[in-house]
Amino acid sequence: MNLYKRFTILFLVLLLLPLGLIGQQRLFVVGGGTRPPEGVKKFVEWSGGAKARILAITWASGVADQSFESLKKNFIEAGAGSVEHAVTRPLDAAKRLQFIEQLRSATAVFFSGGDQNRIMDVLVDEELLKLLREKYTKGAPFGGTSAGAAVLSDPMMTGDADLKILDGTKVGVRKGFGLVPKVMFDQHFLVRQRHNRLFGFLLENPTYVGLGIDEDNAVLITDNRRLVMVGPTFTMVVVPSKAPKQLDVTLLANGDGFDLKNRKVSIKR
């Protein structure tokens, strides 16, 4: 068989493969509080259902075991085959190697709440950060709640901000994952009145889209583009206008969709 025919066959095989096998990106981002059952169910389905091996990373939490048990209960009740607790911080040489092995065998990754800075303090280790990003790019579903949601942006919000003023230069940020390019996640959004923080950041960084996710709500994002909101209240989508000092604000309710590429509301399911 000549080289041309081999390439043709390979191309046709790739076309016939399910998207998940060739690196479809899928993200479950929770605003904190209760994780919406519909979102949990979808994340477990993405992860492999009864064959899922979800790696729960609790580095953000000050009560790691408690955080893990809560996540494990949620995912197992939704049908996950197994949920493994990632090694806890700080990572010495042995724990680091163990984490790499855990990551290698996981079918999905989920970050608990707490303080997002603790996660990135571990991931000053650039190799580990690279391995996590590669895992997502190759198709493993990722998710996070509260601090675990914040860390998915790049930059991510550190939590330092004066919520009484509208000044993006005073919004604390540092390096994060950046799994969805040019999207800033903000959590506990309506409950904690974090509008000024997100608005300020976007006025200083108008190439970004802001997603203010309220407690007990989540967004499901596929292919870094197609977003569906799940939960009882709202997610606020904020898009900087071409005109200076103007922001377009949209509230998404349960089932509403948004196209992050075209920056417009999509048809409700």
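Results, tabulated for the structure shown:
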{"item": "Mean Kyte hydropathy of 0.0 or more with a Cα span along the axis of at least 18 Å, helices from DSSP in the chain", "result": "3-16"}
{"item": "Inter-probe distance in nm under a simple model that places probes 7 Å from Cα toward Cβ, at residue 175 and residue 88", "result": "2.7 nm"}
{"item": "Residue 259-residue 100 FRET efficiency (beta carbon distance; Förster radius 45 Å; 0.05 resolution)", "result": "0.80"}
{"item": "Residue-span extension gain [residue 45 to residue 226] - 0.36 nm each, minus C-alpha spacing", "result": "63.4 nm"}
{"item": "Extension gain, residue 164 back to residue 245 (0.36 nm per residue minus Cα-Cα distance, nm)", "result": "27.4 nm"}
{"item": "Cβ-based net charge around residue 154, under 11 Å, with every Lys or Arg adding one and every Asp or Glu removing one", "result": "+4"}
{"item": "Cα gyration tensor shape for segment 51-160, rounded if a/c is under 1.5, else prolate or oblate", "result": "rounded"}
{"item": "Listed residue pairs exceeding 31 Å between alpha carbons, taken from 138/164; 72/264; 135/264; 164/242; 135/182", "result": "138/164; 72/264"}
{"item": "Net charge dipole size for the chain [Lys, Arg +1 and Asp, Glu -1 on Cβ; Debye, nearest 20]", "result": "900 debye"}
{"item": "Nearby aspartates and glutamates by direct alpha-carbon distance to residue 130 (threshold 14 angstrom, same-chain neighbours under 8 apart not counted)", "result": "154"}
{"item": "Cα extents of the chain along the three principal axes, largest first (Å)", "result": "64, 45, 34"}
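Since every read-out is calculated from the coordinates, none of them should be taken as a lab result. Computed from a prediction, not measured in an experiment: that's the story for all the values here. Quick reminder, even Gly has a Cβ in these numbers, built from the backbone with ideal geometry, and neighbours come from all protein chains shown.
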